[in-house]
Structures are given as C-alpha cells and as structure tokens.
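First up is the structure itself, then whatever we jot down about it.
The values are calculated or read from the model by the stated rules, or taken from the named source; none is laboratory data. Worth saying up front: this structure is predicted, and the values here are computed from it rather than measured. Don't worry about glycine lacking a Cβ; one is built from the backbone with ideal geometry, like all the others, and counts go over all protein chains shown.
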Ligand code: HEM
C-alpha cells in the first residue's frame, strides 16, 4: 500500500507557518531544558541516595523541594509546543498518537503518578528513610517511561512509511522500535538530562555559596562532574545517532542538508568548551556554553524533522486563511502569562529565602 494514501488532509492555518514554527522552537527549547533539569536532577539525587543509603543529602533535599515545581513547569511548557506542533504537523502527530494510543494515553496516568510521588518525596521531616530511595527510583522510572513514549511518538510521526503496520496490528500498541534512530535518540535525550541536571544542581549550590551558605559546596564540583562526563558520553551517543540517519539527509546538495550538517557540527564544537568549563568547576560559563549547544540541537532536531518529512509534507504547503486577531490575542496572553509566572516564581523564591533565613 502507498503510505501517502494514509496521510490525512491538514487544516488551514490563520497566519503564515513561520510564526508557529518560531513559537514551536522557542517553547520546545524551554520544555526540553525544564524536562532535562527535572529528569537529570532526580536521577543524580537517586544515585547519590543509593550510594549513601539515605535521601538525607544536600542534593536530595534540594531535589525533593524543587521537583513538584519542575514537573508543573515541564508540563505547562509542554502544552505550548504541543499546541504549535498540532498546528503545523497535527495531521501527522494525531495519526501516530492513534497508532500508539494505549501508550500515549498512559502518559496521563504515568505523569499523575510521578507528580503524586514527588509530593510524597517532598517530606520535610525526612521520615521516609530508605523508602525515600524507592520513591525516587519510581519517579525516575516514570520519567524515563514518559520520555520513551514521547520519543516513540515523535519518531513514528516522522516515519510515515511505517504506518501501514497498523493493518496487521490495529490495537494502538505500535511503537517505533524498528527505526534505527530510535534508541540513540532516546539515549541522547536521557544523557543530556543527566548533564543538564548536574549543571542545575551545581548552579543551585553555586548560587547558595554566593548567598553565604557553604553547606552544599561539594555539590558544585559533583554537579559539574556529572555534567562534563555525561556530556562526553553524549558526544559519543550523538555520533552513533548521526550514523543511523538515513543516507543523503546530510547531503551538501540541499540547503537543509547543509544547514543540518552545520548545526550538528556547531553543537559538537560548542559542547567542548562546556565540558572544559564543567571539568574546572566554572558553573556560569558552562551554563552559557551548554545553552548555546542546546539551542543549536533544537534547531538541528527541527531540520532533521523537515528532511525526514520532505517526501511527504512541508509546513509551507499549509493553506493560509488569514486571520491575525487570534494570534495577537494569543501573544498578548502569552506575555501576560509569562509575566505572572515570573512574578509567582520570584514570590515563592523570596518566601523560601525568608523562611530559610529565619530557620
Ligand atoms: C513530565 C514528563 C515529560 C517528559 C520526560 C518529556 C520528555 C520529552 C522528550 C524526551 C521529548 C523529545 C521527543 C523527541 O523529539 O523524540 C519531548 C517532546 C515533546 N514534549 Fe515532552 N515530556 C514530558 C511531558 C510533556 C507534556 C505533559 C507535554 C504536553 C502537555 C509535552 C509536550 C511535548 C511536545 C509537544 C514535544 C514535541 C515537540 C516537537 O516535536 O516539536 N511533554 N518531551
């Protein structure tokens, strides 16, 4: 069967696609940074707690306080790219979501379970003991499962020729496991989470030290080491990912091929000073370098999607039925909402700082 016959007809969009594309990249960048911090810091707290047989470490205490916030922000900043990806690629994402409906719908339950456990882990009296380690293990496993579903869905959405498997397996249980890009892509996301999580921990204790609290000073060095070593591993996983790309994707004959090759090479080059800064414990430069790297990686991921979908679809083909008012309203509400979230975060942070000084 010709898989092109399976492609649903996309809806018209109200403004040129570039608007949604820019917003998708921007909001996905925030989502992925928050997701990395959430998954990575929980994983590092888990390893440190396992080593010490208790969750009473400065790192675990920090993670237990911050985790419910990180989950809430990751989810909220996941909704935004979900809206934009639906606008641009909705006919493809809806199809892949149906093909793997059982896993996709399970994400809601997995997420609620992780959120509930994060509150259980946030135990100020620290009475959970070894149970805290088990709770943390469950949280990290749930995060890994959710990420697995996301990577499968996005992978399958871009792997249209695999959709005809539905006729042999129509129960909503399809995954994208036969795709050679799948495993390195998943590991790439998980390893970058450990790196960003390590840097977030180092950043927090660096900030604490600047405020005169030297309690978790060791964690600046430990967090930086997690960051640098996992980034080194991720460079290797990235190379593995590169070798699984379909032939011709990086072809210098096409503009997208040249751009993809340039962004991937740029990301690799920028990760080197980031690793170096991490190894020498320079938290702030490491943050800037890795931020630049992640920005390039987000662009590369988008170029790869465009290249993989090129035989089937390009968002520039979407029909435009002009209507700017909803976009303007959306942008106004977005700016107001961001301002409100920023104010809430500052308010919470100030409250915590005050309580910390009083206790
Ligand atoms: C809290 C647990 C979550 C984790 C661990 C997680 C992880 C991930 C990962 C690894 C990807 C990249 C997939 C890929 O490119 O192959 C991703 C993409 C994405 N996530 Fe999340 N996510 C989480 C929650 C959410 C939620 C709740 C939403 C929406 C409400 C969401 C929306 C998205 C969207 C829309 C993308 C794809 C954007 C695009 O392809 O441009 N995420 N997520």
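Quick one: which of 250, 260, 296, 304 is part of a loop (DSSP other than H, G, I, E, B), buried (at least 16 other Cβ atoms within 10 Å of the Cβ) and not assigned by TED's automatic domain parsing to the domain that holds residue 20? Before the answer, list the steps.
Working: 260 fails: part of a loop (DSSP other than H, G, I, E, B); 296 fails: part of a loop (DSSP other than H, G, I, E, B); 304 fails: part of a loop (DSSP other than H, G, I, E, B).
Result: 250 is the single residue among 250, 260, 296, 304 that is part of a loop (DSSP other than H, G, I, E, B), buried (at least 16 other Cβ atoms within 10 Å of the Cβ) and not assigned by TED's automatic domain parsing to the domain that holds residue 20.
Among residues belonging to segment 177-210 that are touching a residue at least 40 places away in the same chain (Cβ under 8 Å) and assigned to a loop (DSSP other than H, G, I, E, B), point out the one that is surrounded by the most Cβ atoms within 10 Å (Cβ to Cβ). Lay out the reasoning, then the answer.
Kept after step one, since they are touching a residue at least 40 places away in the same chain (Cβ under 8 Å), are these residues of segment 177-210: 180-181, 184-185, 187-206.
Those still in the list that are assigned to a loop (DSSP other than H, G, I, E, B) too: 180-181.
On the way: 180: 14, 181: 22.
My answer is 181.
Among the listed residues 300, 286, identify the single one that is in contact with a helix residue (DSSP H, G or I) (Cβ under 7 Å, 6 or more places away or on another chain), at pLDDT 95 or above and over 16 Å from residue 260 (Cβ atoms).
Working: 300 fails: over 16 Å from residue 260 (Cβ atoms).
Unique residue meeting the criteria: 286.
When the residues of segment 100-141 are filtered to those that are surrounded by fewer than 21 Cβ atoms within 10 Å (Cβ to Cβ) and near the ligand (Cβ under 10 Å from one of its atoms), which remaining residue is nearest to residue 311 (Cα to Cα)?
Among those residues, the one meeting the criterion is 107.
Would you say residue 37 is within 10 Å of the ligand (Cβ to nearest atom), in contact (Cβ under 8 Å) with a residue 40 or more places away in the chain, over 24 Å from residue 309 (Cβ atoms) and in the same structural domain as residue 155 (by TED's automatic domain parsing)? Outline the logic, then answer.
Values: within 10 Å of the ligand (Cβ to nearest atom): no; in contact (Cβ under 8 Å) with a residue 40 or more places away in the chain: yes; over 24 Å from residue 309 (Cβ atoms): yes; in the same structural domain as residue 155 (by TED's automatic domain parsing): yes.
The answer is no for residue 37.
Whether any residue in segment 148-157 is over 20 Å from residue 31 (Cβ atoms) and not assigned by TED's automatic domain parsing to the domain that holds residue 225 is what I want to check.
Going residue by residue through segment 148-157, those that are over 20 Å from residue 31 (Cβ atoms) are none.
Scanning segment 148-157 turns up no residue that is over 20 Å from residue 31 (Cβ atoms) and not assigned by TED's automatic domain parsing to the domain that holds residue 225.
For segment 2-22, what are the residues that are out of contact with any strand residue (DSSP E or B) (no Cβ under 9 Å at 6 or more places or on another chain) and surrounded by fewer than 12 Cβ atoms within 10 Å (Cβ to Cβ)?
2, 4, 5, 8, 9, 18, 22
When you scan segment 46-56, do you find a residue that is modelled with pLDDT of 95 or more and within 16 Å of the ligand (Cβ to nearest atom), even just one?
Looking through segment 46-56, at least one residue is modelled with pLDDT of 95 or more and within 16 Å of the ligand (Cβ to nearest atom).
Does residue 162 qualify as being more than 22 Å from the chain's Cα centre (by Cα), part of a helix (DSSP H, G or I) and either under 23 Å from residue 187 (Cα atoms) or within 16 Å of the ligand (Cβ to nearest atom) (or both)?
On the way: more than 22 Å from the chain's Cα centre (by Cα): yes; part of a helix (DSSP H, G or I): yes; either under 23 Å from residue 187 (Cα atoms) or within 16 Å of the ligand (Cβ to nearest atom) (or both): yes.
Here the answer is yes, as residue 162 does meet what is asked.
For segment 92-99, does any single residue satisfy the condition of being surrounded by fewer than 20 Cβ atoms within 10 Å (Cβ to Cβ), without any contact (Cβ under 8 Å) to a residue 24 or more places away in the chain and part of a helix (DSSP H, G or I)?
no
Of the residues 71, 66, which is part of a helix (DSSP H, G or I), buried (at least 18 other Cβ atoms within 10 Å of the Cβ) and out of contact with any helix residue (DSSP H, G or I) (no Cβ under 6 Å at 6 or more places or on another chain)? Give the steps one after another, and end with the answer.
Details: 71 fails: out of contact with any helix residue (DSSP H, G or I) (no Cβ under 6 Å at 6 or more places or on another chain).
Answer to the check: 66.
Just checking, which of 267, 278 is within 16 Å of the ligand (Cβ to nearest atom), in contact (Cβ under 8 Å) with a residue 24 or more places away in the chain, closer than 30 Å to residue 155 by Cβ and touching a helix residue (DSSP H, G or I) at 6+ places or on another chain (Cβ under 6 Å)? First the steps, then the outcome.
Details: 278 fails: within 16 Å of the ligand (Cβ to nearest atom).
On inspection, the qualifying residue turns out to be 267.
Hey, does segment 16-29 have a residue that's in the same structural domain as residue 162 (by TED's automatic domain parsing), more than 11 Å from the ligand (Cβ to nearest atom) and under 19 Å from residue 217 (Cα atoms)?
no
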